[in-house]
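Each reported figure results from applying straightforward, stated rules to the coordinates on display, with no laboratory input. As the structure is a prediction and not an experimental result, all values here were calculated from the model. Glycine gets a Cβ as well: all are built from the backbone with ideal geometry, and neighbour counts include every protein chain shown.
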Amino acid sequence: MERTYTKETKLVQSGNRRDKRTGAVNAPIYMSTAFEHTGVGESTGYDYARTGNPTREVLEETIAELEGGTHGFACSSGMAAIQAVLSLFSQGDEIIASVDLYGGTYRLFRQYWPQWGVDVRYVDPRDLQAVEQAIEKNTKALFIETPTNPLMQEADLDALSQLAKEHDLLMIVDNTFYTPLLQRPIEFGADIVIHSATKYLGGHNDVVAGLVVTDDDVLGEHLFNIQNGIGMTLGAFDSWLLVRGMKTLALRMEKHQQNAHAVWEMLKKHSLVTEVLYPGKGGMLSFKVQDEKLVDPLLRHLRLVTFAESLGGVESLMTYPSVQTHADIPENVRIKNGVTNELMRLSCGIENHEDIIADIEWALQEAERKTQV
Ligand SMILES: *Cc1c(COP(=O)(O)O)cnc(C)c1O
């Protein structure tokens, strides 16, 4: 009997045993845009690289399997993946989205989607009653981030997808923060899973990419037509980088999580920190400092952790959401949602946790000395 491998094993083995001709253990990068046909009606299965590329295919099959889906699509960025999914909707449709949402997604919804005639309503997905009340006749989908960015609030995917089923809505989940190792939305009944693979899946702060997975054949066909029709596909080299990064995802996630736990313990006890937001899983946490004045000197005094706008890579990064990732959300809305000017976000890398802790402690101490709060 054939053994079904675990997610960790499948990740490591992705791309192996595919190249029958050479036996390459690492799937080669196919930099060919065109593929020869020997005659009319004859094909190797590939004809033009936007439609299908063998390297991209390794990635697409890997993510589909990992998320428990049947169709995977690799896009040129996380935003392109979101745009691909949104292209399923048409004028007059309405979508319900998490109120605490990645800033770029919010910007796309706000700036570009009105012109397509698709409305988005924002609801706290932890409040099931509010979600249900927001559903109208023309509501077509729930767009959920869990945990949310940067407030780290978790939604009940089971209950939400039940609600989605009852009202005939598509359930779309942005699974960037947890990755399929910590959460597989399709198991809870989600129809579509989205990733900014730029983050944990890639894991090395070196490639921008997005992924979409579904377990539904009709949706799969629609998404294929969108991906191929619009052409927001991921290139062969970037696909290869992503597969390479994903091979170590399981090891990395373990270390990210250990480090986040250790930093969480330190921050909880720190006198300059008023609140730490950590759901107990994953490598992301947010915290509030006592005074907004501490933020700039804190960031200036970091020597290991880098003040930069991304997450999920091996290097620890600290982000200031109110001026970076969430700057496009109107200030009153942003602050009402809890993304205040004292809120910092930390993506714990895989460095030694004592070094990360010492760096943040030092920077906080210097910030206090400089500002005398
Ligand atoms: C970064 C991010 C995106 C956008 O992905 P890009 O790869 O930057 O285009 C979408 N959703 C979440 C949760 C993200 O963190």
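See the values below:
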{"read-out": "Spatial separation of Cα centroids for segment 279-349 and segment 232-260, in angstrom", "value": "22 Å"}
{"read-out": "Using θ = phi - 60° and Karplus 6.51 cos²θ - 1.76 cosθ + 1.60, couplings along segment 329-343 (whole Hz; Gly, Pro as x)", "value": "8, x, 3, 5, 5, 4, 5, 4, 6, x, 8, 7, 6, 9, 8"}
{"read-out": "For I82, I357, order by how many other beta-carbon atoms lie within 10 Å, fewest first", "value": "I357, I82"}
{"read-out": "Length-normalised contact order for segment 164-266 - Cα pairs under 8 Å, 6+ apart - percent", "value": "22 percent"}
{"read-out": "Distance in nm between pseudo-label sites at Q129 and T4 (7 Å out along the Cβ direction from Cα)", "value": "4.0 nm"}
{"read-out": "Prolate/oblate/rounded call for segment 23-76, Cα gyration tensor, a/c under 1.5 rounded", "value": "prolate"}
{"read-out": "10 Å beta-carbon shell around N337, net charge (K/R +1, D/E -1)", "value": "0"}
{"read-out": "Rounded tilt (10° steps) of 217-230 against the dominant C-alpha axis of the chain", "value": "80 degrees"}
{"read-out": "Residues A358 and D156, FRET efficiency given R0 of 30 Å [Cβ-Cβ distance, rounded to 0.05]", "value": "0.20"}
{"read-out": "Residue of Y112, Y102, Y122 that the Gaussian network model of the chain assigns the largest fluctuation, springs spanning Cα pairs under 10 Å", "value": "Y112"}
{"read-out": "Listed residues N16, N341, N259, most fluctuating in the chain (Gaussian network, C-alpha, under 10 Å)", "value": "N16"}
{"read-out": "Rule-of-thumb Rg ratio for the chain [Cα; 2.2 N^0.38 Å; N residues]", "value": "1.03"}
{"read-out": "Gain upon complete extension [D19, E42; 0.36 nm per residue less C-alpha separation]", "value": "6.2 nm"}
{"read-out": "Derived scalar couplings ³J(HN,Hα) [segment 28-44; Karplus, 6.51 cos²θ - 1.76 cosθ + 1.60; whole Hz; x for Gly, Pro]", "value": "x, 8, 8, 8, 9, 8, 10, 10, 5, 10, 7, x, 4, x, 10, 7, 7"}
{"read-out": "Relative contact order of the chain, pairs being alpha-carbon contacts under 8 Å that are 6 or more residues apart, as %", "value": "17 percent"}
{"read-out": "Segment 301-314 - phi-based ³J(HN,Hα) in whole Hz, Karplus 6.51/-1.76/1.60, Gly and Pro as x", "value": "9, 5, 10, 10, 5, 9, 7, 7, 9, 6, 6, x, x, 5"}
{"read-out": "Placed amide H near E145: partners under 5 Å, 5+ positions off or other chain", "value": "S98, D174"}
{"read-out": "Evaluated over segment 249-371, the Cα radius of gyration and Dmax, each in Å", "value": "13.7, 41"}
{"read-out": "Segment 1-100, relative contact order [Cα under 8 Å, separation at least 6], %", "value": "17 percent"}
{"read-out": "Fully extended contour minus Cα-Cα distance, from E254 to H270, at 0.36 nm per residue", "value": "3.3 nm"}
{"read-out": "For the chain, built as a Gaussian network whose Cα springs stay under 10 Å, the top-fluctuating residue of R21, R300, R126", "value": "R21"}
